[in-house]
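FYI, it's all coordinate maths here, none of it is from the lab. In this text the structure is predicted, and so the values were computed from the model without any measurement. Note that we place each Cβ from the backbone using ideal geometry, even for glycine, and neighbour counts take in every protein chain shown.
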There are 2 protein chains.
Amino acid sequence: MVVLRRVLGDELRRLRTSQKRTLRDVSATARVSLGYLSEVERGHKEPSSELLSAICQALDTPLSSVLISVGTEIAALEKATAPVPLHSRETTPAVTSAPEVVAAA
Amino acid sequence: MVVLRRVLGDELRRLRTSQKRTLRDVSATARVSLGYLSEVERGHKEPSSELLSAICQALDTPLSSVLISVGTEIAALEKATAPVPLHSRETTPAVTSAPEVVAAA
């Protein structure tokens, strides 16, 4: 299952490291503890709306932009983990197909 | 300040009512309590990643689609509530502008 807080944490870490900034710097600017920010980045803690806003502000990135990036990344993951529909057997038959099943179709 | 959980709650309520479904129906499908779903829709509670996924699934809507809608709505709100830059005084001077300030510029 796609877990929002993990994808969100990855995006926040990606933004911070692309700006070559430390956890210490961003956590101080956002007025959150360094340990808390680290837990959020690792997808271990769910930040409240207020704390997520403060972290985005510290990263000079609009909250909207972070949400749209996370939504786009989750869309790709949803596609990758979507269950294969049953009728795909008809178009891509298994190499070891049982002849009696084919005959019955 | 734009509060994520309020915009998210509005979006979840909009989806549910557009499907003409009740809180009772969606909360039962998502296996969350009716009171909890109502609090989430009103922006009073922050749903965890798992509960948000369950609510989206109950609404037959991908989490990614909800996040992108919420991000887009927040982008419009950020634009509407953005502070007016200082240099806009030059193009739209106040009616009661102080002459000495203008002279100093």
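For peptide A:68-77, the mean count of partner chain Cβ atoms within 10 Å of a residue's Cβ comes to 5. Placing a label point 7 Å from Cα along the Cα-to-Cβ axis, residue B:17 is separated from the same position in the other copies by 4.3 nm, shortest listed first. Within the shell defined by Cβ-Cβ distances under 13 Å, the residues around residue A:46 carry a net charge of +1, with Lys and Arg each +1 and Asp and Glu each -1.
Remark: label point of residue A:72 defined 7 Å out from Cα along the Cα-Cβ vector; separations to the same position in other copies 1.4 nm, ascending.
Sorted from shortest to longest, the distances between the residue A:87 label points of this copy and the other copies are 5.8 nm, with each point 7 Å from Cα along the line through the beta carbon. Is there a pair in A:79/B:79; B:20/B:45; A:20/A:79 whose C-alpha atoms are over 26 Å apart, and which pairs would that be? Violating the 26 Å Cα-Cα cut-off are A:79/B:79; A:20/A:79. Taken along the Cα-to-beta-carbon direction at a fixed 7 Å, the label points for residue A:18 and residue A:31 span 2.7 nm. Taken along the Cα-to-beta-carbon direction at a fixed 7 Å, the label points for residue B:10 and residue A:79 span 2.9 nm.
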